[in-house]
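Beneath this line is the structure, given in structure tokens, with notes to follow.
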Amino acid sequence: MYKAIIVEDSRLARLELKSQLAQIANITLVAEAENIEQANQLVAQHKPDLLFLDINLPDGNGLDFLATLTPAPKVIFTTAFEQYALQAFEQNAVDYLLKPFTLERLQAACSKLFTDDVESSAPKDNELMTLDSRFFVKDGQKCWLIQLAQVEQFQAMSNYTQVYFDQQKPLVYRTLAQIETRLPQDKFFRVNRSHIVQLSYVNNVALCASGGLELTLKSGAVVEVSRRQTSQFKAIFSL
């Protein structure tokens, strides 16, 4: 059983989260705070196992507040802002929920408390990802929190990799080879030296002049399977 405190300045948001938590087993709400000053007092009083923590609070930043707690409880961030996701994961957040979130999304976050892997909802550098895994990308002034299932393809750009999802294509400072070691092999396929595609996004396959195959993806993008990889691609989809 987890003793939890909500730290949230919006009364309506607290009411909604409280109502949702009433439907989740093994979590007991012991207090609510609307600012960091109240949260400090309540944490000292109740010694909670878990915080549902907003980030932009009237008297400070939730991330800074969390850093002052020793030992820190587990935390699920609840915020309307994507740009703090990387910092949140660096502070070992169990999950990072973007408002408004559904009961199902909250249940998925809470379920991570009851597994062995609760240090972070962001996979570690050597950890195999699943389609449910999420990762943070910042490209220029734009930020995204991307679920791996959204990614149609990865394309090598020297020491960077372009991530294609939802008509977006930001760059991440990872080589394609580094990313490949993290991907589930039954879901993604290295079609050539420069591209990895998610197999469920392949809409059409055709022969091309080079002797390889040409894949048309759901977005309309066309990528070529090298001759070296063609036999392996055919084997994946053979009867």
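None of the figures in this text is laboratory data; all of them are computed from the coordinates on show. Given the structure is predicted, the values throughout are model-derived calculations rather than measurements. As a convention, Cβ positions derive from the backbone with ideal geometry for all residues, glycine included, and neighbour counts pool all protein chains shown.
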**OP:** May I ask which residue of ASN192, THR68, GLN83 lies farthest towards the positive end of the charge dipole of the chain, with charges of +1 (Lys, Arg) and -1 (Asp, Glu) on Cβ and the Cα centre as origin?
**Re:** ASN192
Original post:
If packing is taken as the mean number of other Cβ atoms within 10 Å per residue, what is the order of 36-42, 73-79, highest first?
Top reply: 73-79, 36-42
Subject >> Spacing of the two label points (7 Å from each Cα toward its C-beta) at CYS143 and LYS234, in nm >> reply: 4.8 nm
Subject >> Distance (nanometres) between label positions extended 7 Å along Cα→Cβ at GLU214 and ALA67 >> reply: 5.3 nm
Original post:
So who's got an amide H within less than 5 Å of the one on VAL225, skipping anything under 5 residues away but keeping other chains? H placed 1.01 Å off N, in plane.
Top reply: LEU213, GLU214, LEU215
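Give, rounded to the nearest 20 debye, the magnitude of the charge dipole that the chain has about its Cα centre when Lys and Arg contribute +1 at Cβ and Asp and Glu contribute -1 at Cβ.
Charge dipole of the chain: 900 debye, to the nearest 20.
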Original post:
What fraction of the DSSP beta bridges in the chain is antiparallel, stated in percent and rounded to the nearest 5?
Top reply: 65 percent
**OP:** Would you work out which of PHE101, ALA206, ALA177 lies farthest towards the positive end of the dipole of the chain? Charges go on Cβ: Lys and Arg +1, Asp and Glu -1.
**Re:** ALA206
Original post:
How many lysine pairs does region 2-114 hold where the Cα atoms are under 14 Å apart and the two sit 8 or more places apart or on different chains?
Top reply: 5
Original post:
Which whole-angstrom value gives the distance between the alpha carbon centres of region 185-222 and region 126-155?
Top reply: 19 Å
**OP:** Among [x] 1.05; [y] 1.16; [z] 1.22, find the value of Cα Rg over 2.2 N^0.38 Å that was calculated from the structure presented, and write down its label.
**Re:** [z]
Original post:
From the backbone phi of region 78-93, what are the Karplus-calculated ³J(HN,Hα) couplings (6.51 cos²θ - 1.76 cosθ + 1.60, θ = phi - 60°) in whole Hz, Gly and Pro given as x?
Top reply: 10, 8, 9, 10, 6, 5, 9, 4, 4, 4, 4, 5, 5, 9, 6, 4
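Considering only DSSP beta bridges with both partners in region 2-114, what is the antiparallel share in %, to the nearest 5? Present the calculation step by step, with values, prior to reporting the outcome.
Numbers: 2 of 20 bridges.
Here the share of antiparallel DSSP bridges comes out near 10 percent.
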**OP:** Considering the options ASN40, ALA235, THR130, tell which one lies farthest towards the positive end of the dipole of the chain, charges being +1 on Lys and Arg and -1 on Asp and Glu at the Cβ, about the Cα centre.
**Re:** ALA235
Subject >> Residue-by-residue Karplus 3J(HN,Hα) for region 54-59, coefficients 6.51, -1.76, 1.60, Hz, glycine and proline x >> reply: 6, 9, 8, 10, x, 10
